[in-house]
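See below for the structure under consideration.
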């Protein structure tokens, strides 16, 4: 069962503030059951083909506010968003995607080294990504992951190339285990494609 949270126009948003405040107070008082926490995985088993010696930094992905959270999102045919009750991610989705993308590069061994920003290194390249979709499409019962990737020359600051990556995986039951498993599988497909493209 999902709890629908719509995102109305700004001029009408203030009507919902008392409701949201009450919900936050109830949550703080331990009024509900503790949600089950799910994680995302980093694909392994990629062929460790000869790559480059480049040093790369993977920035945390950007995302709209609805996706920049630890909630498992369902999108209906009208575009309205709702959250799957009783389920949450182990961290904010952008932080998790960044960590698993770095691990996938490490597993593949196709660049000299890869890390997040702030590691006191002088990178040759920076990978910037934007999460366009990371949700369950209720109309088709599929997990949809769409991520745009831009390879930036760190010294020049110029975008060297860019591409949209996407994957859809049947979710089966739209509940915590089913939805998170399908989203994890769809993300794994996208991560593998990004690593291969980044060579």
> What number of residues within the range 155-199 satisfy the criterion of being over 28 Å from residue 33 (Cβ atoms) and surrounded by 15 or more Cβ atoms within 10 Å (Cβ to Cβ)?
Replying inline: 13
> Do any helices (runs of 4 or more DSSP H) entirely within the range 3-115 hold 1 or more residues that are at pLDDT below 80 and surrounded by 10 or more Cβ atoms within 10 Å (Cβ to Cβ), and if so, which?
Replying inline: 10-13, 17-28
>> Give me the residue from the range 116-138 that is more than 21 Å from the chain's Cα centre (by Cα) and farther than 18 Å from residue 61 by Cα and, out of that set, surrounded by the fewest Cβ atoms within 10 Å (Cβ to Cβ).
In response: 120
> Quick one: residue 179 ticks every box in (1) in a loop (DSSP other than H, G, I, E, B); (2) in contact (Cβ under 8 Å) with a residue 60 or more places away in the chain bar one, so which box is it?
Replying inline: (1)
> In the range 116-131, what count of residues is obtained for those that are farther than 13 Å from residue 55 by Cβ and either part of a loop (DSSP other than H, G, I, E, B) or free of Cβ contacts under 8 Å to residues at least 60 places away in the same chain (or both)?
Replying inline: 1
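The values are calculated or read from the model by the stated rules, or taken from the named source; none is laboratory data. Worth saying up front: this structure is predicted, and the values here are computed from it rather than measured. Reconstructed Cβ throughout: ideal geometry from the backbone, glycine too, with neighbour counts over all protein chains shown.
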